[in-house]
Amino acid sequence: MNPIIFTYCEGNDTKLAVFIKEKDKVKFLKAGSFDVIQTALDLEESITGLKIDGDEMSFEGSLGKKSSEERKVTISSIGLINEALKGFNLKKSLFVPTLTEPSIFYHVFEGSKVSNAAKVTQEIINDIHESKNVSIDKESLDYVELSDKSLLSVFLTGEVNCIKLISSLANYNHRRYYKIPSVKSAEISLAYYAAKRKKFFPDDNSLIVYIGREYSKLIFLHGRKLKHIGTALDIGTINLHTYDVYFSKILLEMENGGISSLDNIVVCGEDDSENLILSFYGTFPEANVSKLDFSDIDISSLDSTSKEKISSFSVPIAAAIDYFDDIEKIHKGINLLPRYVKEEQKVFQFGWHGFAMFPLLFLAALLITVKVLVNKNDLNQLNSKLEQQTLLLRQNQEILNKISDLNGKINGFSQTQAILDSASVGTGAWSYVLKKISSFFEARKNIWLTKLSKPDGETVALEGYSLSKNVLTEFAFSIKSAQLKSISYEALRDKNIYKFNITFNLPSFYKGAR
C-alpha cells in the first residue's frame, strides 16, 4: 500500500503525518510541524517558520510585508517541506487534508428525515441557503447524525488553503497535482477516534479537549455519538497564561449544548501535561480525566522527539483511523472533497456533456473506420484496374511501335522503288547515249572522245579531238539538243587537230530517241 500523507491546517500551524496500513495495524512513519501563514499558497505563499520533529530540521523567523525576500523564504520553505517528505514517492502517495474552522463550517439540521441520502443533502443545502444565504455545492457538503438524531452538516465554500498547500508542493515538483481522495473534518474525526479508544457508557457525557498552538477545540459526546462541537477557542499553548480560561469556556459550551454534567474528559493536543489534568480534576471532580491513548498505532518508525510529542498529532492520527476504517467499511465517515479538486484530478477533464459525447465519438470512429475500409477496398480495385490498363497500354505501345516500323519500311520501299525506277531510267539513257556515240565514232576514223562528264543533274558534257572540222559539226547534229560550245585548233606532231566541247540534255536526247 502506498503511503498516505495527512495534513492538518489550523491557523498558522500545519501538521503533517505519514501513515501506511500494514495488515491490521496502522503504522506512523513520519511527523512534521510547520508554521505556515494561511494566505494564497502558490509558490508565493508566506511561510514564517518550519519545525520538523522527525528530522530535527527547523526554520524559524517571521516575515512582514510580501517582498522579494519573502518569496525567496517561501520557495525555500516549500523546498524544506519537500525535503521532509524525501524518501516517499509523492506521485504515488495520497494526500488527505484535515480541516477545521474557518476552512469548514458546521450547520445543525433538524428538518424532516428521509431515507434517500440525495434528498437529505438537498434539504440541508436548501436550509443553509435560507438560514445563511449561502449557496453550497453538494460535492462540498456531508453530514453525520448527532446523539439527538439531528444532523450535523459540514461544508466548504471557495478554495481551501490546506488544499492549495498540497498543490504548491506538487507544482514545486513540476507536477500538476497530487492525488487527494478525501477531505476530513478535524472535530468529527477526533470525536470518532476518542469514542473508539475510550469505553464510554451509553449515558455518559464526555468532553474532548484539544489544545493547539493557537486555537483549542471543545467536542462533546453523549455515549459514543457526537453531541455538540463548541466554538473554536482562540487560545493555545503560545498565548495561554492560565487554565482557568478553559473552564469558563467549557461551562458556557455545556450550557449551549444542553449538557448538565461531565462524566469523562479526554485531553489531547499540544498540551496533555499532568498539571492540565490536575486542573481539570479540580474543576470537575466527578469527571474521569485522562489522556487520549494511541496504543493502537505503530510508532516504532518515529524518532524519540516525535514519540514524546505524539499527542500533538492527535488530529492527523484520528483522521487516519477515520479514513482507514471508512475504506474498510467499519464505519461511514464524511468526505468533503470539492468538485474542483475532483475535476483537476481527472485524466480527461470533461463535464457531463463531454461524457455524453463519448457514444457519438465512438459511433463517429466506427463510421469513419467503415468508410476507410470501403475506400481502401475501392482503392485496391482501382489499383488492380490501373495495373491492367497499364499492361494493355504497354501492349498497345508495342503494337504501335511495330506499325511505325512497318510504315517506315513501306515508306522506304516507295523511295527505293522510285530510286530504282529513276536509276533504271537513267541506265537506259546512258546506254543509249554511249551506243549512239560509239556508232558515230566507229563510222568515223578521224574523231575520238577524251572526256565524258555530267556537270549538273541533266546536262552531259563531251570533250575530244578530231582531224576534221566538218566531222565535229556532223557529230553535233547527230545528238538532239546538242550544242557545240567550242572548237580550238592545236598542232599534234605534223598534223593539225581540233579540240571540241559539246553539251546536251540527257532526258531530251533520250526522250527524242524513244
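The values are calculated or read from the model by the stated rules, or taken from the named source; none is laboratory data. Note that the structure is a prediction, hence the values are computed from the model and not measured. When we count neighbours, we look across all protein chains shown, and the Cβ atoms used for this are built from the backbone with ideal geometry, even at glycine.
Pairs under 7 Å by beta carbon, first residue in contact (Cβ under 8 Å) with a residue 24 or more places away in the chain in segment 475-492, partner hydrophobic (A, V, I, L, M, F, W, C) and in a loop (DSSP other than H, G, I, E, B), six or more apart or different chains?
Once the first residue is in contact (Cβ under 8 Å) with a residue 24 or more places away in the chain and sits in segment 475-492, its partners that are hydrophobic (A, V, I, L, M, F, W, C) and in a loop (DSSP other than H, G, I, E, B) give A476/A482.
Looking at segment 308-320, can you tell me whether even one residue there is over 20 Å from L218 (Cα atoms) and in a helix (DSSP H, G or I)?
Going through segment 308-320, the residues over 20 Å from L218 (Cα atoms) turn out to be 308-309, 320.
Among the residues that remain, those that are also in a helix (DSSP H, G or I) are: 308, 320.
The answer is yes; a qualifying residue exists.
Just one of (1) within 30 Å of N496 (Cα to Cα); (2) surrounded by 11 or more Cβ atoms within 10 Å (Cβ to Cβ); (3) modelled with pLDDT under 80 trips up G426, so point out which.
The failed condition is (1).
Among (1) farther than 27 Å from F105 by Cβ; (2) within 49 Å of the chain's Cα centre (by Cα), which single condition is E286 missing?
(2)
State whether one or more residues within segment 161-180 are under 28 Å from K119 (Cβ atoms), free of Cβ contacts under 8 Å to residues at least 24 places away in the same chain and surrounded by fewer than 17 Cβ atoms within 10 Å (Cβ to Cβ).
Within segment 161-180, not a single residue is under 28 Å from K119 (Cβ atoms), free of Cβ contacts under 8 Å to residues at least 24 places away in the same chain and surrounded by fewer than 17 Cβ atoms within 10 Å (Cβ to Cβ).
Pick from segment 458-469 the residues that are more than 9 Å from I447 (Cα to Cα) and aliphatic (A, V, I, L, M): which of them is surrounded by the fewest Cβ atoms within 10 Å (Cβ to Cβ)?
Initially, segment 458-469 is screened for residues more than 9 Å from I447 (Cα to Cα), giving 458-463, 469.
If we keep only those that are aliphatic (A, V, I, L, M) as well, we get 460-462.
Numbers: V460: 20, A461: 15, L462: 22.
Only one residue tops the list, namely A461.
For I265, state whether it is surrounded by 21 or more Cβ atoms within 10 Å (Cβ to Cβ) and either outside any loop (DSSP other than H, G, I, E, B) or touching a Phe, Trp or Tyr at 6+ places or on another chain (Cβ under 9 Å) (or both).
For I265, the condition - surrounded by 21 or more Cβ atoms within 10 Å (Cβ to Cβ) and either outside any loop (DSSP other than H, G, I, E, B) or touching a Phe, Trp or Tyr at 6+ places or on another chain (Cβ under 9 Å) (or both) - is not met.
Might you let me know whether segment 282-301 holds any residue that is closer than 20 Å to A186 by Cα, assigned to a helix (DSSP H, G or I) and among the hydrophobic types (A, V, I, L, M, F, W, C)?
No: zero hits.
Among the residues of segment 170-184, count how many are assigned to a loop (DSSP other than H, G, I, E, B), touching a Phe, Trp or Tyr at 6+ places or on another chain (Cβ under 6 Å) and of a type in the set (A, V, I, L, M).
Residues meeting the conditions: 1.
Under 20 Å from L99 (Cα atoms) and over 49 Å from the mean Cα position of the chain (by Cα): is that true of I250 in this structure?
no
Among the residues of segment 204-239 satisfying the criterion of being surrounded by fewer than 18 Cβ atoms within 10 Å (Cβ to Cβ), free of Cβ contacts under 8 Å to residues at least 60 places away in the same chain and not β-branched (V, I, T), which is nearest to S314 (Cα to Cα)?
Once the filter is applied, the top-ranked residue is D234.
The rows are residues; the columns are (1) on the phi > 0 side of the Ramachandran plot; (2) surrounded by 14 or more Cβ atoms within 10 Å (Cβ to Cβ); (3) out of contact with any strand residue (DSSP E or B) (no Cβ under 9 Å at 6 or more places or on another chain).
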| residue | (1), (2), (3) |
| --- | --- |
| D296 | no, no, no |
| I299 | no, yes, no |
| S304 | no, no, yes |
| P316 | no, yes, no |
| A320 | no, yes, no |
| I327 | no, no, no |
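Taking segment 176-217 on its own, how many of its residues are more than 49 Å from the chain's Cα centre (by Cα) and of a type in the set (A, V, I, L, M)?
The qualifying residues number 3.
Against the conditions (1) at pLDDT below 90; (2) surrounded by 13 or more Cβ atoms within 10 Å (Cβ to Cβ); (3) acidic (D, E), where does D142 fall short? Just the number, please.
It is condition (1) that D142 fails.
Any residue in segment 96-103 that is exposed (fewer than 15 other Cβ atoms within 10 Å of the Cβ) and of a type in the set (S, T, N, Q)?
no
Restricting attention to segment 60-110, which residues are more than 28 Å from R176 (Cβ to Cβ), at pLDDT 85 or above and among the hydroxyl-bearing types (S, T, Y)?
Of everything in segment 60-110, just one residue is more than 28 Å from R176 (Cβ to Cβ), at pLDDT 85 or above and among the hydroxyl-bearing types (S, T, Y), namely Y106.
What is the residue count in segment 211-240 for residues that are assigned to a strand (DSSP E or B), of a type outside the set (F, W, Y) and within 25 Å of E274 (Cβ to Cβ)?
Counting residues in segment 211-240 that are assigned to a strand (DSSP E or B), of a type outside the set (F, W, Y) and within 25 Å of E274 (Cβ to Cβ) gives 7.
Which of the residues belonging to segment 6-23 are within 14 Å of Y323 (Cα to Cα) and of a type outside the set (S, T, Y)?
F6, A17, V18, F19, I20, K21
I need the full set of residues from segment 244-286 which are closer than 16 Å to A195 by Cβ and touching a residue at least 60 places away in the same chain (Cβ under 8 Å), in order please.
If the condition is that a residue be closer than 16 Å to A195 by Cβ and touching a residue at least 60 places away in the same chain (Cβ under 8 Å), then D263, N264, V266, C268 are the ones that fit.
Does I321 satisfy the condition of being in contact with a helix residue (DSSP H, G or I) (Cβ under 6 Å, 6 or more places away or on another chain) and modelled with pLDDT of 90 or more?
So I321 fits the description; yes.
Quick one: in segment 470-502, of everything that is in a strand (DSSP E or B) and among the hydroxyl-bearing types (S, T, Y), which residue is surrounded by the most Cβ atoms within 10 Å (Cβ to Cβ)?
Taking segment 470-502 first, the residues in a strand (DSSP E or B) are 483-492, 495-502.
Checking which are among the hydroxyl-bearing types (S, T, Y) leaves us with 486, 488-489, 498.
Numbers: S486: 9, S488: 10, Y489: 9, Y498: 19.
Result: Y498.
Name the residues in segment 134-155 that are more than 45 Å from the chain's Cα centre (by Cα) and of a type in the set (K, R), would you?
Correct list: K149 only.
Conditions (1) more than 30 Å from K91 (Cα to Cα); (2) out of contact with any strand residue (DSSP E or B) (no Cβ under 6 Å at 6 or more places or on another chain); (3) not charged (D, E, K, R), marked per residue:
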{"residue": "L165", "(1), (2), (3)": "no, yes, yes"}
{"residue": "S168", "(1), (2), (3)": "no, yes, yes"}
{"residue": "N173", "(1), (2), (3)": "no, yes, yes"}
{"residue": "A186", "(1), (2), (3)": "no, no, yes"}
{"residue": "L251", "(1), (2), (3)": "yes, yes, yes"}
{"residue": "G258", "(1), (2), (3)": "yes, yes, yes"}
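Output the strands (runs of 3 or more DSSP E) that fall wholly within segment 87-169 and possess 2 or more residues being in contact with an Asp or Glu (Cβ under 8 Å, 6 or more places away or on another chain) and more than 24 Å from D35 (Cβ to Cβ), or say none.
Answer list for segment 87-169: 104-109, 151-156.
Mind telling me which of the residues A17, A31 ends up being hydrophobic (A, V, I, L, M, F, W, C), touching a Ser or Thr at 6+ places or on another chain (Cβ under 7 Å) and modelled with pLDDT of 90 or more?
On the way: A17 fails: touching a Ser or Thr at 6+ places or on another chain (Cβ under 7 Å).
The match here is A31.
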